[in-house]
Amino acid sequence: MGFKHLFKAEAKWSSSKNEKGFVSKNHEIIIEGKPVMSVSAAKAFKGDAELYNPEDMLLSSLVSCHMMSYLYVCSQNGIEVLGYSDNAEATLEVEFDGSGRFTEVRLNPKVTIANPDKIQLALELHKKANQLCFIANSCNFPILHNASCEVE
């Protein structure tokens, strides 16, 4: 192993009822030196739909980590990336006993590059980015890629 890094987060919640009479699931995630995140359960689980939820954050982590890994491998391969967007989706299956798990994530990165001769390589590098992505390497479900690439 080359390096170890420790990340810390604190959760703070106190009992209260929301406007519908349910125990509120709203809480804060505190990471030293960063803005406090207001978080709740997903709306489907009686949370506050206006706040981020753990499912949002897991998907967001995958999207962000893949993008950063992709930008890294593109820079290693001389590809100038001019734009990047992704409309990702995650499928969560919930069992009758209340347990659940993500069964897959679908990333749909749309990349804009400068050189038309590098489109094929730019598309292929998503596989390498997935192999490097810390978050993807920590997941036990498939992460599918439906990438597109255009030239500006």
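The values are calculated or read from the model by the stated rules, or taken from the named source; none is laboratory data. Bear in mind the structure is a predicted one, so any value in this text is a computation, not a measurement. Ideal geometry is used to build each Cβ from the backbone, glycine not excepted, and the neighbour counts take in all protein chains shown.
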Might you let me know whether segment 100-116 holds any residue that is in contact with a Gly (Cβ under 6 Å, 6 or more places away or on another chain), exposed (fewer than 13 other Cβ atoms within 10 Å of the Cβ) and of a type in the set (Val, Ile, Thr)? no
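Please specify each residue of segment 14-56 satisfying the condition of being of a type outside the set (Gly, Ala, Ser) and modelled with pLDDT under 95.
Once the filter is applied, which keeps residues that are of a type outside the set (Gly, Ala, Ser) and modelled with pLDDT under 95, segment 14-56 yields Lys17, Asn18, Glu19, Lys20, Phe22, Val23, Lys25, Asn26, Lys43, Phe45, Lys46, Asp48.
Looking at segment 79-137, which of its residues are without any contact (Cβ under 8 Å) to a residue 12 or more places away in the chain and in a helix (DSSP H, G or I)? First the steps, then the outcome.
At the first step, the residues of segment 79-137 found to be without any contact (Cβ under 8 Å) to a residue 12 or more places away in the chain are 93-100, 117, 120, 124, 131, 137.
Asp117, Gln120, Glu124, Gln131, Asn137 - these are the residues of segment 79-137 that are without any contact (Cβ under 8 Å) to a residue 12 or more places away in the chain and in a helix (DSSP H, G or I).
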Residue count for segment 19-47, restricted to those that are closer than 17 Å to Ser60 by Cβ and either among the polar types (S, T, N, Q) or surrounded by 14 or more Cβ atoms within 10 Å (Cβ to Cβ) (or both): 8
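Quick grid of which residues meet (1) among the hydrophobic types (A, V, I, L, M, F, W, C); (2) at pLDDT 95 or above; (3) under 20 Å from the mean Cα position of the chain (by Cα):
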| position | (1), (2), (3) |
| --- | --- |
| Glu89 | no, yes, yes |
| Phe96 | yes, yes, no |
| Phe102 | yes, yes, yes |
| Asn108 | no, yes, yes |
| Asn115 | no, yes, no |
| Gln120 | no, yes, no |
| Leu132 | yes, yes, yes |
| Ile143 | yes, yes, yes |
| Val151 | yes, yes, no |
